[in-house]
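Structure, as structure tokens:
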Amino acid sequence: MAKTVLSFKDITKEFPGVRALKGITFSLKEGEVLALIGENGAGKSTLIKCLTGAYEPSFGEICLQNKAFRHLSPKLAKQMGIGAVYQEFNLVPDLPVVENIFMGNLPGKGIIVDYAAMLSLSKEIFNSFGVDIDPRMELKQLSPAMMQIVEIAKAIAQNLKILILDEPTAPLTTKETEILFDIIRKIKVKGVSVIYISHRLEEIFQICDRVVVMRDGEKVGERLVCETDRQELIRLMIGRELTNYFPQRRTCPTKEVILKTQGLWGNGSRDITFELHRGEILGFAGLVGAGRTELMSVLFCDAKREAGDVLVNGKPFNGKHPWHAIQRGIALLPEDRKQKGLLMDKSVSVNITLSSIKKFSRFGIINFSLEKEFVRIYCDKLAVKTPSLEQPVQYLSGGNQQKLIVAKWMVTDCDIIIFDEPTRGIDVGAKHEIYELIHQLVEEGRSVIIISSDFEELIGLADRIAVMSEGELVGFADKKDYDKEVLLDMASGKR
Amino acid sequence: MNKIKNTAVTLLSKCISQIILMILVIFFALQVKGIFFTTTNLISIVRQVSTMGIAALGVSFLMITGNLDFSMGSIYAFVGTFTAILNLLNIHIVPAMLIAALCGIGISCFTCWISISFKIPRLISSMAMQQLINGLCVIIAGNKTVYGLPESIKWLGQGYIGIIPVSSILFAALAVLVAFVFNKTYFGRYLFAVGGNEDVARLSGINVNKIKYLASIIAGLLASIAGLISMSRTFSGSPYAGGTLSTDVISAAVLGGVSIMGGTGKTSGLVTGILIIGTLTVGLNMMNMNANSQDVFKGAMLLVAVILDSRSKGIKKLAMRR
């Protein structure tokens, strides 16, 4: 029986007006990979912050190596061998890999840094991972996946006992995910325990031993991975049965071509030709960096088109700026909602009418009651959960934020809606709502383009899938021929 | 208990500039008894801050779109000097004022063009312009103050309607107008959107560059008007009139809660900020503090304001966190 390295005892965390954690108790064994899952706002990150010393629990204690702590400071947590790798990297792009690994922990005597020791140590770590990274390279030359490995190496170099991985696979391709899993298996053998946070349930079955499910600040379940299944985990997470993960299509795409591109070049896209029909959901599959986002920014006129034609509703479209695209009914929901989709500190109302405020104005003066009326209608229609229309959007959940952006384009009357990774960072229950929403849009006669790195999401949603690789469109798949393996092969460039 | 504390914190962060103003007024009222807190003196404060206030209204358009501009003082000095020179060249004072004001707007737009075309922060391009225009201004004025203005323009800077100075009425009217533009028009909404997050504004279909140019035109116009009022008050065109105006207007705006990062700000706060600077100047003068010590004081004030600006965001976040 492996010994226990960490146990939470009745951890409670209170913020003004809310109890974010309610008596969490569970433990972690040596060399174990424990999945921590739950919807956004379930309290996962709060718990992790208690462990890394960022927060002080209001009540309860954390036991590490048989020592009980009322609370940990970041420094103490580090000393006790706790390391975390978050979605946002904590690395310096301009420095060599090796210096990133030993950042704040440079080996050497006095003021002299022992560079050779650093090099050999980092090489050793990479060798043990089975990856080939030259530690002298500048960090920015690496792919996101390799940067993630550097992050892990950095944690390992500090004599790590417990590694926390927060959504580590979000920026990774399938192949890179495999490499990461291999590394996890290797460090596990060395006796390092891992707390693994992910929204992708299939990963939990691949890599984890045990799973703790949280909901509304409470632990609602603890299972051995081999004794549970996807359905049960989803039920525990959202507190109800989710019978159909992907909703059933109630309408069919029409034959009417609403958007057509012919030999489109620009922003890294090469010779793109495709058609989008009214009422269709067209998926764009590909690996990270396949040029899908770049293509869409050309369509949305946010990047320069070098050659080729675009027809909207049969008429040529030669816009130069996003507002030209919007005038012709093209809308884009960017991948990075917080940085590019919403004014985070502005209200729900302001965000929803941002693109259409002129419609609510006479002689430049806003008609506030008309604006409010429209905002209310769309908030009801999309079931946006917000305490008031004046609430700054940064305090809403990811799912609700995404709905606001959809509402914005619905008010603007756009009929070609491009979603770039619409469900990234959104929890399971809200994902389902977004899928329903996309169906609602096409049922109203709009057309939808979805970029997603989640092949299952595209297979479940799209009427047709276009596959891109290295800036080129390498093929289409119809609904009846969907096959994850084939799509993956196409996306990897194997035709 | 926590709720009360949160409400108090939010209230405090909202009214911090008003509280500072009140403290200052009480302080000076006690320090210089019988002189400070008199109608004549208070009106004189309002009159003195009017020119700076109008320029600050202008610079707030730029600050809200996320563009710090340090060249307002040079436009202010240039417009007055240039009008006086044109007047000496036998050009009627009205067209002279118009031409000079157009130049003021032109300077502001040029600064904007540089920062957009060459992707230089306006903070930098405006600092270069400030120096350039100041130097140019001294050269064309022949290194001296230009006199010889007609009597007819005196009313602008020196006239009164009842007991209220004309310039103060103009300032009040412009402040109301600016508040209206910020809060009630879609142009105001666009200004805040561009300052809040340029990417979001652009991807929402807002013509970001057009908004920036419009803000520059307004800022240039208001700095020009302020310059003309100052010219009328001193009855001369001085190439040195700008002085510390460029930083004073920014201090006033920041003190009034206009964020240096863009995206937030209120006209009421701005006016309070201007009154703080005005009260401070007059009060310190009355206490016989010399100009250099006043600069130290004002500089410290700007530091405090900027710190409050960055802190208040933290405070708000704390209060809003559920």
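Rule-based calculations on the coordinates, nothing more; no lab input. Since the model is a prediction, treat every value here as computed from it, not as a measurement. As a convention, Cβ positions derive from the backbone with ideal geometry for all residues, glycine included, and neighbour counts pool all protein chains shown.
Considered as an equivalent ellipsoid built on the Cα gyration tensor, segment B:159-306 has semi-axes of 30, 19, 15 Å, the largest given first. Counting charges near B:Phe235 (Lys, Arg +1; Asp, Glu -1) among other residues having Cβ under 11 Å from its Cβ returns a value of +1.
Over all Cα atoms in segment A:114-262, the spread is summed up by Rg and Dmax: 20.6, 68 Å.
Using the empirical formula 2.2 N^0.38 Å as the baseline, the Cα radius of gyration of segment A:357-429 reaches a ratio of 1.21. Going from the residue with the fewest nearby Cβ atoms within 10 Å to the one with the most, B:Lys210, A:Lys320, B:Lys14 rank A:Lys320, B:Lys210, B:Lys14. Using Cα atoms only, what is the angle between the long axis of helix A:398-411 and the major principal axis of chain A, expressed in degrees (0 to 90) to the nearest 10? So the helix axis and the longest Cα principal axis differ by about 10 degrees. Its relative contact order, with pairs defined as Cα atoms under 8 Å and 6+ residues apart, puts segment B:47-203 at 32 percent. Normalised by the number of residues in segment A:81-154, the average gap of Cα pairs under 8 Å and 6 or more apart makes the relative contact order 45 percent. Straight-line cross-link reach from A:Lys372 at under 18 Å between alpha-carbon atoms covers these lysines, not counting any fewer than eight positions away in the same chain: A:Lys346, A:Lys358, A:Lys359, A:Lys381, A:Lys385, A:Lys403, A:Lys408, B:Lys184. Distance check, please: which entries in A:Lys75/A:Lys175; A:Lys188/A:Lys431; A:Lys29/A:Lys186; A:Lys338/A:Lys431; A:Lys338/B:Lys5; A:Lys49/A:Lys75 exceed 24 angstrom between their Cα atoms? Among A:Lys75/A:Lys175; A:Lys188/A:Lys431; A:Lys29/A:Lys186; A:Lys338/A:Lys431; A:Lys338/B:Lys5; A:Lys49/A:Lys75, the Cα-Cα distance tops 24 Å for A:Lys75/A:Lys175; A:Lys188/A:Lys431; A:Lys338/B:Lys5.
What the phi angles of segment A:131-140 give under the Karplus curve with 6.51, -1.76 and 1.60, with θ = phi - 60°, is a coupling list of 10, 10, 10, 7, x, 8, 5, 6, 4, 5 Hz, glycine and proline written as x.
Seen from a random direction on average, the alpha-carbon convex hull of segment B:235-284 projects onto 4.6 square nanometres. Measuring nothing but alpha carbons in segment A:188-292 and taking Rh as the Kirkwood radius, the Rg to Rh ratio lands at 1.16. Of all DSSP-defined beta bridges confined to the protein assembly as shown, some 60% are antiparallel rather than parallel. Across chain B, the mean sequence separation of Cα contacts (distance under 8 Å, 6 or more residues apart), normalised by length, yields a relative contact order of 33 percent.
Neighbour counts of C-beta atoms inside 10 Å place A:Val33, B:Val25 in the sequence B:Val25, A:Val33, starting with the fewest. When only alpha carbons of segment A:227-352 are considered, Rg and Dmax amount to 18.8, 58 Å.
Rounded to the nearest 10 degrees, the inclination of helix A:115-129 to the longest alpha-carbon principal axis of chain A is 70 degrees. Listed by Cβ neighbour count within 10 Å, with the fewest neighbours leading, B:Met231, A:Met296, A:Met146 appear as A:Met146, A:Met296, B:Met231. Straight-distance candidates among the lysines for linking to A:Lys260, with alpha-carbon spacing under 16 Å and chain neighbours fewer than 8 residues away dropped: A:Lys315.
Here segment B:179-229 yields Rg over Rh of 1.06, to two decimals, using C-alpha coordinates and the Kirkwood radius. Pair-distance distribution P(r) for chain B, from all Cα-Cα distances in 10 Å bins starting at 0: 6, 26, 34, 24, 9, 2, 0, 0 percent. The shape of segment A:395-490 can be summarised by an equivalent ellipsoid whose semi-axes, obtained from the alpha carbon gyration tensor, come to 25, 16, 12 Å from longest to shortest. Gyration tensor over the Cα atoms of segment A:324-476: the corresponding equivalent ellipsoid has semi-axes (square roots of 5 times the eigenvalues, largest first) of 28, 18, 14 Å. Given in Å, the Rg to one decimal and the Dmax to the nearest whole number for the Cα atoms of segment A:84-202 are 14.0, 49. Could you tell me whether segment B:96-214 comes out rounded, prolate or oblate from its Cα gyration tensor? Rule is a ≥ b ≥ c as square roots of the eigenvalues, rounded for a/c under 1.5, then prolate if a/b exceeds b/c, otherwise oblate. It comes out oblate by the Cα gyration axes. Evaluated over the Cα positions of the protein assembly as shown, the convex hull gives a direction-averaged projected area, one quarter of its surface, of 41.8 nm².
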